[in-house]
Amino acid sequence: VMVEKGHVKPGDLILGTDSHTCAYGALGAFSTGVGSTEMLGVLASGEIWLRVPKSIKIEVVGEVAKGVMAKDIILEAIGIIGHNGATYKALEFTGDTIDHMIMDERLCITNMAVEAGAKNGIIKADETTKAYLKELGIEDGVYFESDEDAEYEKTIVIDASKLTPRVACPHEVDNVEPIETVVGKRIDQAYIGSCTNGRYNDLKMAAEVLKGKKIAKHVTVS
């Protein structure tokens, strides 16, 4: 709703009381979640104190294989970084794989930055961003990008062409395994759609996977 109603534009500084406010970084905004008490102070004063976070660069390259989605890429990244490995840091997502993603996929990537403890996740606003905003009838913002000599705490390179679907296993989000290791394991409940990947493109992909199949009697689906 924030994105589609024009409340997020490239270059904006956005605060919200939902930890997944970091999702809006998909449009080139600095967006982060704060507590309700702190938000009261923001609403009353219009100001907030933020420390400039160090940045971790995540470069995603290569063409994704059939069945691999943005969620698999961000799970792979979190598996490498750890569930608190990016605490109060910025995750900057770059690379040709990211460049070719539609906005639904980009929103999925930045949405989960907080699952690695990150202060925010961000993707450079580009022509895809501009076209998306234009389709919604939303005016452009300010387009920033990192300097060529920008300093990063570290750089992580992910070859998307070698990825298979990923699964976050109990009991931490960074307990990430290739789907091959969990195929055949019994599940009791299936949940489709969430703040992370419940957009139209995700539901469309889920429908394609489930088409013509039946649900086991012991499985609850929501």
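The values are calculated or read from the model by the stated rules, or taken from the named source; none is laboratory data. As the structure is a computational prediction, the values presented were derived from the model and not from experiment. Note: ideal-geometry Cβ built from the backbone for every residue, glycine included; neighbour counts use all protein chains shown. With ligands, DNA and RNA removed, areas are computed over all heavy atoms of the protein, side chains included. Shrake-Rupley method; radii C 1.70, N 1.55, O 1.52, S 1.80 Å.
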Going through segment 12-29 in order, the residues found to be in contact with a Leu (Cβ under 9 Å, 6 or more places away or on another chain) and either loosely packed, with under 15 Cβ neighbours inside 10 Å or basic (Lys, Arg) (or both) are Leu13
Can you spot a residue in segment 30-42 that is in contact (Cβ under 8 Å) with a residue 40 or more places away in the chain, under 23 Å from Asp159 (Cβ atoms) and either open to solvent by less than 20 Å² (accessible area, probe 1.4 Å) or out of contact with any Gly (no Cβ under 6 Å at 6 or more places or on another chain) (or both)?
-> no
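Residue-by-condition table, conditions (1) open to solvent by 10 Å² or more (accessible area, probe 1.4 Å); (2) not charged (D, E, K, R):
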{"residue": "Leu91", "(1), (2)": "no, yes"}
{"residue": "His100", "(1), (2)": "yes, yes"}
{"residue": "Cys108", "(1), (2)": "no, yes"}
{"residue": "Glu115", "(1), (2)": "yes, no"}
Of all residues in segment 107-134 being of a type in the set (Lys, Arg) and in contact with a Ser or Thr (Cβ under 8 Å, 6 or more places away or on another chain), which is farthest from Met69 (Cα to Cα)?
-> Lys119
Which of (1) open to solvent by 60 Å² or more (accessible area, probe 1.4 Å); (2) among the polar types (S, T, N, Q); (3) under 16 Å from the mean Cα position of the chain (by Cα) is the odd one out, the single condition Thr181 does not satisfy?
-> (3)
State whether the residues of segment 61-84 include one that is of a type in the set (Gly, Ala, Ser) and without any contact (Cβ under 8 Å) to a residue 40 or more places away in the chain.
-> no
Across segment 156-168, what is the total count of residues that are within 27 Å of Val8 (Cβ to Cβ) and open to solvent by 40 Å² or more (accessible area, probe 1.4 Å)?
-> 1
Would you mind listing the helices (runs of 4 or more DSSP H) fully within segment 1-107 where at least 2 residues are more than 16 Å from the chain's Cα centre (by Cα)?
-> 36-45
Could you list, in sequence order, all residues of segment 169-178 that are open to solvent by 60 Å² or more (accessible area, probe 1.4 Å) and in contact with a strand residue (DSSP E or B) (Cβ under 6 Å, 6 or more places away or on another chain)?
-> Glu177
Of those in segment 117-139 that are over 16 Å from the mean Cα position of the chain (by Cα) and in a loop (DSSP other than H, G, I, E, B), the residue surrounded by the most Cβ atoms within 10 Å (Cβ to Cβ) is Ile138
